[in-house]
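The values are calculated or read from the model by the stated rules, or taken from the named source; none is laboratory data. Just so it is clear, the model here is predicted, and its values are computed rather than measured. Please note: Cβ atoms are built from the backbone with ideal geometry, for glycine as well, and neighbour counts cover all protein chains shown. We work out accessible area using only protein heavy atoms, side chains counted, and drop any ligands, DNA or RNA first. Shrake-Rupley method; radii C 1.70, N 1.55, O 1.52, S 1.80 Å.
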Amino acid sequence: MSNLDIKKKEQEIRRLQRQIQRDSERLRKERTHRLIQKGALLEAYFDMRDSSIEETEKVLNIIAHEVKKIREQDF
């Protein structure tokens with residue numbers, strides 16, 4: 001393999017690494033945005049703006065239990 005071939009391969013590797021990094025960053029940003037949206041919905045629908053994380057978790061545990069019961073009845 002010539003030096004030119006090696007340099008081209010190295011460039012291709014760097015390009016692929018940058019693409020992987022961009023994809024990873026895009027996925028992270030999408031997840032962050034989705035989590036923020038869901039948190040905003042939780043605050044709005046359940047009036048939880050002033051609730052602590054622990055209080056929110058308790059409410060979600062209750063709701064999750066009820067949702068599981070409903071899903072089990074549907075199937």
Cross-chain or 6+ apart pairs with Cβ under 7 Å, segment 28-40 first and basic (Lys, Arg), then modelled with pLDDT of 95 or more and outside any helix (DSSP H, G or I): none
First in segment 49-64 and in a helix (DSSP H, G or I), second anywhere and surrounded by 11 or more Cβ atoms within 10 Å (Cβ to Cβ), Cβ under 6 Å, 6 or more apart: 56/48
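Just the residues that are open to solvent by 100 Å² or more (accessible area, probe 1.4 Å) and among the polar types (S, T, N, Q), please, taken from segment 11-43.
Initially, segment 11-43 is screened for residues open to solvent by 100 Å² or more (accessible area, probe 1.4 Å), giving 11, 14-15, 17-18, 20-22, 26, 28-29, 31, 33-34, 36, 38.
Hits for segment 11-43 are 11, 17, 21.
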Top-ranked residue in segment 1-51 [being within 30 Å of residue 64 (Cα to Cα) and acidic (Asp, Glu); ranked as modelled with the highest pLDDT]: 30
Given (1) out of contact with any helix residue (DSSP H, G or I) (no Cβ under 6 Å at 6 or more places or on another chain); (2) surrounded by 10 or more Cβ atoms within 10 Å (Cβ to Cβ), index of the condition residue 48 fails: (1)
Residues that are part of a helix (DSSP H, G or I) and either loosely packed, with under 10 Cβ neighbours inside 10 Å or small (Gly, Ala, Ser) (or both), drawn from segment 1-10: 3, 4, 5
